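Report on one structure; see the data block that follows.
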Amino acid sequence: MNNIDLKNKIAVVTGASQGFGYAIAKRLTDSGAKVINIDKDPVATAEAKSKGEFTYADIFEIDITKAEIVEETIKTIIEKYKNIDIFVNNAGIAGPSFKTWEYPSDDWNKVIDIDLNGTFNCCKSVTPYMIKNNYGRIVNIASIAGKDGNPNASAYSAAKAAVIALTKSLGKELADYNIAVNCVTPAAAKTKIFDQISEEHINYMLSKIPRNRFLKVDELASLVSWMVSEENSFTTGGVFDISGGRATY
């Protein structure tokens, strides 16, 4: 494994207790960063800590859909660690599998609130500090569903498409600073998010991947580790595909 040099960097990863977030947090820690976990699931966090594979620099159990709480948490992190160099918006849910016209409104709102509004809240809160320091790397975890639109997953697809657009907008707004804002569009990986969706939908996603397998979380973490490094000094507002060949654009 080739580790990117992230020594002395302060990184915040949302949803870092499991799945993509855990793999990213471990990779960044292995590369020298101090990783702060923002995750509202205490059970998942306890399980992550019990593995003993690495140590979080800090943990904040908050709900990222609450804008004021996010803002206060970011302020607390800045006061304690002086700055935030890296922010990875990973926290999200898949939501249930329904046709669009049958999709429960409450579930729709929940998916949009966590996957899109939560990402917005974090970007909004951390960006002013990065501007002040004239440095930052923001990576938003979107999805190939945000490009293609998965059937029976309209809420998730819509939220992730919006995350892609948010990334492009923020990247352009911060282009005059040494701040890179990019997103990734991964294909599905075997994480606990599979517990939220039907077997039929899982099989559908696999059938769309030319490599004929699911993404490995370490493969995503490897890509993200470069995206949040100083080496990524030019690309911003970009969409990095990691879909095993599924992406059509």
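Just checking, which of Glu219, Glu200 is farther than 18 Å from Phe240 by Cβ, surrounded by fewer than 20 Cβ atoms within 10 Å (Cβ to Cβ), out of contact with any His (no Cβ under 6 Å at 6 or more places or on another chain) and of a type in the set (D, E, K, R)? Step through it out loud before you land on a result.
Numbers: Glu219 fails: farther than 18 Å from Phe240 by Cβ.
Criteria check complete, one pass: Glu200.
From the residues in the range 222-239 that are surrounded by 14 or more Cβ atoms within 10 Å (Cβ to Cβ) and among the small types (Gly, Ala, Ser), which one is nearest to Thr29 (Cα to Cα)?
Filtering first and then ranking leaves Ser225.
In the range 12-28, what residues are touching a residue at least 60 places away in the same chain (Cβ under 8 Å), among the polar types (S, T, N, Q) and touching a helix residue (DSSP H, G or I) at 6+ places or on another chain (Cβ under 6 Å)?
Of everything in the range 12-28, just one residue is touching a residue at least 60 places away in the same chain (Cβ under 8 Å), among the polar types (S, T, N, Q) and touching a helix residue (DSSP H, G or I) at 6+ places or on another chain (Cβ under 6 Å), namely Gln18.
Do we find a residue being exposed (fewer than 14 other Cβ atoms within 10 Å of the Cβ), on the phi > 0 side of the Ramachandran plot, over 14 Å from the mean Cα position of the chain (by Cα) and touching a residue at least 40 places away in the same chain (Cβ under 8 Å) anywhere in the range 76-95?
Yes.
For the range 186-220, give me each residue that is touching an Asp or Glu at 6+ places or on another chain (Cβ under 9 Å) and modelled with pLDDT of 90 or more.
Pro186 - this is the single residue of the range 186-220 that is touching an Asp or Glu at 6+ places or on another chain (Cβ under 9 Å) and modelled with pLDDT of 90 or more.
Condition first: under 18 Å from the mean Cα position of the chain (by Cα), hydrophobic (A, V, I, L, M, F, W, C) and over 18 Å from Val88 (Cβ atoms). Now tell me which residues in the range 46-75 satisfy that.
Of everything in the range 46-75, just one residue is under 18 Å from the mean Cα position of the chain (by Cα), hydrophobic (A, V, I, L, M, F, W, C) and over 18 Å from Val88 (Cβ atoms), namely Ala67.
Would you pick out the residues in the range 134-168 that are among the hydroxyl-bearing types (Ser, Thr, Tyr), under 15 Å from the mean Cα position of the chain (by Cα) and farther than 16 Å from Asp107 by Cβ?
Within the range 134-168, Ser143, Thr167 meet the criteria.
Under 6 Å by Cβ, and 6 or more places apart or on different chains, what pairs join a residue from the range 138-152 that is more than 17 Å from Ala221 (Cβ to Cβ) with one that is hydroxyl-bearing (Ser, Thr, Tyr) and assigned to a helix (DSSP H, G or I)?
Going by the 6 Å Cβ cut-off, the qualifying pairs are Ala145/Tyr156; Ala145/Ser157; Gly149/Ser157; Asn150/Ser157.
What strands (runs of 3 or more DSSP E), lying completely within the range 76-188, carry at least 3 residues that are more than 30 Å from Ser207 (Cβ to Cβ)? Steps first, please.
Working: elements: 86-89, 136-141, 179-186.
Where strands (runs of 3 or more DSSP E) fall fully within the range 76-188 and carry at least 3 residues being more than 30 Å from Ser207 (Cβ to Cβ), they are 136-141, 179-186.
Is it true that Gly32 is within 17 Å of the chain's Cα centre (by Cα) and under 20 Å from Ile138 (Cβ atoms)?
no
Might you check whether a residue that is surrounded by fewer than 20 Cβ atoms within 10 Å (Cβ to Cβ), in contact with a strand residue (DSSP E or B) (Cβ under 9 Å, 6 or more places away or on another chain), touching a residue at least 12 places away in the same chain (Cβ under 8 Å) and β-branched (Val, Ile, Thr) occurs anywhere in the range 56-72?
yes
Quick check on the range 12-19. Is at least one of its residues within 23 Å of Ile64 (Cα to Cα), surrounded by 24 or more Cβ atoms within 10 Å (Cβ to Cβ), polar (S, T, N, Q) and out of contact with any strand residue (DSSP E or B) (no Cβ under 6 Å at 6 or more places or on another chain)?
Let us first name the residues in the range 12-19 that are within 23 Å of Ile64 (Cα to Cα), namely 12-19.
Checking which are surrounded by 24 or more Cβ atoms within 10 Å (Cβ to Cβ) leaves us with 12-17.
Those left that are additionally polar (S, T, N, Q): 14, 17.
Imposing the further condition that a residue be out of contact with any strand residue (DSSP E or B) (no Cβ under 6 Å at 6 or more places or on another chain) reduces the set to 17.
Yes: the range 12-19 contains one or more residues that are within 23 Å of Ile64 (Cα to Cα), surrounded by 24 or more Cβ atoms within 10 Å (Cβ to Cβ), polar (S, T, N, Q) and out of contact with any strand residue (DSSP E or B) (no Cβ under 6 Å at 6 or more places or on another chain).
Considering only residues that are surrounded by 20 or more Cβ atoms within 10 Å (Cβ to Cβ) and under 26 Å from Asp85 (Cα atoms), which ones fall in the range 175-197?
Across the range 175-197, the qualifying residues are Ile179, Ala180, Val181, Asn182, Cys183, Val184, Thr185, Pro186.
The values are calculated or read from the model by the stated rules, or taken from the named source; none is laboratory data. Here the structure is a predicted model, which is why all the values come from computation and not from measurement. Every residue, glycine as well, gets a Cβ built from its backbone with ideal geometry; the counts of neighbours run over all protein chains shown.
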